[in-house]
1. Subtract the Cα-Cα distance of Ala43 and Glu107 from 0.36 nm times their separation in residues, and report this length gain in nm to one decimal.
2. Can you give the FRET efficiency to the nearest 0.05 for Thr127 and Ala196, using r as the Cβ-Cβ distance and R₀ = 35 Å?
3. What residue among Gln105, Gln61, Gln116 shows peak mean-square fluctuation when the chain is described by a Gaussian network model with Cα springs under 10 Å?
4. How high is the FRET efficiency between Ala60 and Asp146 when r is their beta carbon distance and R₀ equals 45 Å, given to the nearest 0.05?
5. How far is helix 237-250 tilted, in degrees, relative to the longest principal axis of the Cα atoms in the chain, given as a value from 0 to 90 rounded to the nearest 10?
6. With the dipole of the chain worked out from charges on the C-beta (+1 for Lys and Arg, -1 for Asp and Glu) around the Cα centre, which of Cys113, Gly52, Thr24 lies farthest toward the positive end?
7. Which log10 I(q)/I(0) values, to two decimals, does region 28-166 give at q = 0.13, 0.17 Å⁻¹ under the Debye formula with one point per Cα?
8. Assuming 0.692 mPa s and 37 °C, estimate D for the chain with Stokes-Einstein, Rh taken as the Kirkwood radius over Cα pairs, in µm²/s.
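The numbers here are math on the coordinates, done by the rules we state, and not lab data. Being a predicted model, the structure only gives us computed values, none of them experimental. Ideal geometry is used to build each Cβ from the backbone, glycine not excepted, and the neighbour counts take in all protein chains shown.
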Amino acid sequence: MVRMAVTGAAGRMGRMLIETIASTEGAVLTAAFERPGSSLIGADSGELAGLGKNGIVIAAQVEATLEQFDVLIDFTAPAATLANAAACAGVGRKMVVGTTGFTPQQEQQLLACGDQIALCKAANFSTGVNVALKLLEQAAATLGDDYDIEIYEAHHRHKVDAPSGTALAMGEAVARGVNRNLREVAVYGREGQTGARKRETIGFATVRGGDVVGDHTVMFMADGERVEITHKASSRMAFARGAVRAAVWLAQQDAGVYSMQDVLGL
Ligand code: NAD
């Protein structure tokens, strides 16, 4: 039985993770955390997730209960995730990280914890998106430089970072396929006198509104034809199931940084 803790337990993903752990064989929820000062500290995490009481009360400090779990699942915010990673790395607790929006320095700091613990990080834990990432790299490598590549993403009105971590992961996948460095060729939105499109650029377009769980389309456009690879998430359950699957898998792994592609054996 893998003992799991969820931080950000009252969040959109946190509640879904608690529900998913409760229905996953081989997994048990043994701790739940929220931001210090949250009015939900002390609440029953099962009740909050709509499952009825489970006896796991939401606490404020990951550090205080590090010995109570094997793997921490963290879908919160970059600063919180970094603090949790430092605490977990200190005592060998494993981590599944779904938080997005890290700066390059924060990302580096997080991944360095992989020297001490097994850490699985993915911008998107859904199986479908990870298969799409594989297809995108292949499509880009085969279609090559004759096709203009553009990425569109849409999310609900509450999302705080843009473009989405998944759109950036898709950008990395196509950039690998055509041997380009995404940092050098990415264009994040266009306005005014932009001039004609530069062939090597990879453009991103972001839409925010309503309750869209996550839409992503990558377009490969040439004279006379267009290929589009699209993924649409209709429920956060797809991410939660993937993250809990990653946590079960991670329990058997040695220190290192892993992706959802590693979990799925892609
Ligand atoms: P949310 O705002 O609903 O939930 C975040 C929760 O984290 C909140 O309840 C907040 O109080 C809590 N939190 C903040 N600081 C904390 C701290 N120091 N300690 C404990 N809890 C803290 O957001 P959400 O929609 O659940 O998304 C959370 C993150 O997960 C975002 O970065 C989002 O982009 C990412 N996300 C990733 C995937 C994926 O598959 N990788 C999928 C969905 C969302």
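1. 19.9 nm
2. Computed FRET efficiency for Thr127 and Ala196 comes out at 0.35.
3. Residue with maximal mean-square fluctuation among Gln105, Gln61, Gln116: Gln105.
4. The pair Ala60/Asp146 has a calculated efficiency of 0.25.
5. Approximately 70 degrees, to the nearest ten.
6. It is Gly52.
7. Normalising to I(0) and taking log10 leaves -0.71, -1.07.
8. Estimated via Stokes-Einstein, D reaches 170 µm²/s.
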